[in-house]
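Read through the structure below, which is laid out as structure tokens, and then see the notes.
Read-outs: derived from the displayed coordinates by stated rules, not from any lab. Quick caveat, the model's predicted, so the values are computed rather than measured. All Cβ positions, glycine included, derive from the backbone under ideal geometry; neighbour counts span all protein chains shown.
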Amino acid sequence: MKTNAARLLDKLGISYQILSYEVDPDDLAAESTAQKVGLPPEKVFKTLVIRGDRTGICFAVIPGNAQLNLKALAQISGNRKVETVALKEVQPLTGYIRGGVTALASKKSYPVYVDETATLFEQITVSAGMRGMLLLLSPSDYLLAVSGTLGAIIQN
């Protein structure tokens, strides 16, 4: 089964692998997903939907075992402050549900900020746009596909 995110990568000529895993609706944590697919959590990137006070909605893509540094994201995105959007707003804004959010083929094209640790790996995973599916691809291909900006956006 192909998702819109996978179709976008096909259209761009970007190679990827699809990884499937069993979904537990009560545990959508990236760390649990990483364990299910047999990867370290720092290679399983989660996509957060963020609202900036100046620039509006954007995506923050960070390792599954990390916390977003709101101040760092605000600075890199040209905002004074940023906050995660309420869960009830995620699907109307992106077309995706919690546990399946991806910056690839989102309902609208929002700016994407990816933590610089992505470049430490040959391949990372991001959501394929639905629960139970991940895309495994190179960080450079992902950045190209989402027109992403690389930066230090996690808390140390």
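For the chain, what's the relative contact order in percent, using C-alpha pairs closer than 8 Å and at least 6 residues apart?
Worked out over the chain, it gives 28 percent.
Given the DSSP H assignment, sum -39500 (n - 2.57) over each helix run of at least 4 residues in the chain and divide by its residue total; what's the result at 222 nm in deg cm²/dmol, nearest 500?
-7000 deg cm²/dmol
Quick one: Karplus J couplings for region 5-19, per residue in order, coefficients 6.51, -1.76, 1.60, θ = phi - 60°, nearest Hz, x for Gly and Pro?
5, 5, 4, 4, 4, 4, 4, 7, x, 9, 7, 7, 10, 9, 10
Highest mean first, how do 125-132, 10-17, 139-146, 35-42 rank when packing is the count of other Cβ atoms within 10 Å averaged over residues?
Top of the packing list down: 125-132, 139-146, 35-42, 10-17.
Hey, can you grab everything whose amide H is under 5 Å from the amide H of Thr149? Only 5+ residues off in sequence or another chain; H modelled, so Pro and N-termini drop out.
Sorted by chain and number, the residues that satisfy this are Val112, Tyr113, Val114.
For region 1-92, what number results from the quotient of the Cα radius of gyration and 2.2 N^0.38 Å?
1.25
Name the residues whose placed amide hydrogens come within less than 5 Å of the amide hydrogen of Val85, ignoring near sequence neighbours (fewer than 5 apart) on the same chain.
The list, which skips near neighbours in sequence, is Val49, Ile50, Arg51.
Rounded to whole Hz and in sequence order, give me ³J(HN,Hα) for region 134-142 from the Karplus expression 6.51 cos²θ - 1.76 cosθ + 1.60, θ = phi - 60°, writing x for Gly and Pro.
Those phi angles translate into 10, 10, 9, 7, 6, x, 5, 5, 4 Hz.
In this model, which of Lys11/Lys107; Lys46/Lys108; Lys2/Lys43; Lys2/Lys46; Lys11/Lys108; Lys36/Lys107 are farther than 24 Å apart at the alpha-carbon?
Listed pairs above 24 Å: Lys36/Lys107.
May I ask for the Rg/Rh ratio of the chain, computed from Cα atoms with Rh as the Kirkwood radius, given to two decimals?
In the chain, Rg relative to Rh is 0.93.
So what are the ³J(HN,Hα) numbers for region 111-122, from phi and the Karplus equation (6.51, -1.76, 1.60; θ = phi - 60°), rounded to whole Hz, Gly and Pro as x?
For region 111-122, the Karplus curve yields x, 10, 10, 10, 5, 4, 5, 4, 6, 6, 10, 5 Hz.
Convert 4 °C to kelvin, take the viscosity as 1.567 mPa s, use the Kirkwood radius over C-alpha pairs of region 32-78 as Rh, and evaluate the Stokes-Einstein diffusion coefficient in µm²/s, rounded to a whole number.
Estimated diffusion coefficient is 111 µm²/s.
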